[in-house]
Amino acid sequence: MKKIGLFFMAGICIVVLFLGHLHWNNMSKAAGIEGKKAAERIKEKEKKERQALIHSLSPENNKQQSLIDYLHYKSLIKDKAIISILGSNGTAGTGASNSSNSWAGRLEKNLHSESVDLATLSLINRGHEGYSTTDLLEGKKIDSIIKDNPDLVIFENSLINNHNQSISLEQTEKDLINIMSNFQKKLPNTKILMISPNPVANSKTENSIGFNYLDYIKVSEKIIKKNNWSYIDSVQGIQKKLKDENIILADILSEDNIHLNDQGYHIWSEVLYDYFRME
């Protein structure tokens, strides 16, 4: 009898263990199904939130959209926004201790920190030391920008070199129109932003044809206004920052009194970044 009882108890234990294992499997499957449903709900919620963000950032819904919001929108619909910059020494970062301390390097860093979506933003620097507007055209440097197919072009208009090389004001005007026309024609869905170079120490010194640096700034701004191009006057913007911070121009220029040092490029990047956030 005792053996029968033991077998009976063992049988009961086996049944209990089997039923417990079956119950545990059922619970695990149910939990797995519920977990999968929860993950799908989270994914669907994130999808709807992303779609809502894209809708809110769409240029069609934001006629006065900031450049940061525009780039954020592009990064959401393309997974990566691209900025291509064209210019001469200031764009190349002449005078900076390294490329990360140029205005381009600093601007890229600031934009990356704006949001997770902008962390993938790519900034392609096509600055060419010593190049005038004529050099950019004759060297077909505009073609490189077009091949980048960027969402935004920043064009630093090389006026310091135009002045130094005594390129006429008339030719400067023609070059600017030619460059901008190329961008607008071949990159119809790209925003184009023109910026002037930085202020220099001897801005009123005349070149061999009797014009000073500020004359080139004035003639460019005349054609910019006439064509309603997007534009940043870097000279005025940097000078305002210097006045506000009680800094003299000599403190931000390198030894040649033309190109900026690290401090100067930092101030220039602030001018540009302020514009990017402006609506």
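The values are calculated or read from the model by the stated rules, or taken from the named source; none is laboratory data. Computed from a predicted model, the values in this text were never measured in an experiment. Ideal geometry is used to build each Cβ from the backbone, glycine not excepted, and the neighbour counts take in all protein chains shown.
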TODO: Would you point out the residue of the range 58-102, among those that are of a type in the set (A, V, I, L, M, F, W, C) and surrounded by fewer than 23 Cβ atoms within 10 Å (Cβ to Cβ), that is nearest to His259 (Cα to Cα)?
DONE: Ala92
- [ ] May I ask you to list the residues in the range 59-108 that are over 17 Å from Ile267 (Cβ atoms) and among the aromatic types (Phe, Trp, Tyr)?
- [x] Tyr70, Tyr73
TODO: Hey, can you tell me all the residues within the range 103-126 that are in contact with a strand residue (DSSP E or B) (Cβ under 7 Å, 6 or more places away or on another chain) and buried (at least 23 other Cβ atoms within 10 Å of the Cβ)?
DONE: Ala104
Open item on the list: With the structure loaded, tell me whether Glu206 is closer than 26 Å to Ala96 by Cα and acidic (Asp, Glu) or whether it fails that test.
Closed with: no
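So which residues in the range 241-272 are farther than 14 Å from Ala96 by Cα and charged (D, E, K, R), if there are any at all? I'd like the intermediate steps shown before the answer.
Keep residues of the range 241-272 that are farther than 14 Å from Ala96 by Cα, which gives 241-250, 270-272.
Scanning the range 241-272 gives Lys241, Lys243, Asp244, Glu245, Glu270.
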Open item on the list: What's the total number of residues in the range 152-172 that are surrounded by fewer than 24 Cβ atoms within 10 Å (Cβ to Cβ) and either in a loop (DSSP other than H, G, I, E, B) or modelled with pLDDT under 95 (or both)?
Closed with: 4
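Taking the condition among the β-branched types (Val, Ile, Thr), more than 22 Å from Tyr273 (Cα to Cα) and over 17 Å from the mean Cα position of the chain (by Cα), does Thr134 pass?
yes
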Open item on the list: Residues that are closer than 15 Å to Pro197 by Cβ and more than 21 Å from the chain's Cα centre (by Cα), at least 1 per element: which helices (runs of 4 or more DSSP H) completely within the range 212-279 meet that?
Closed with: 213-227, 234-244
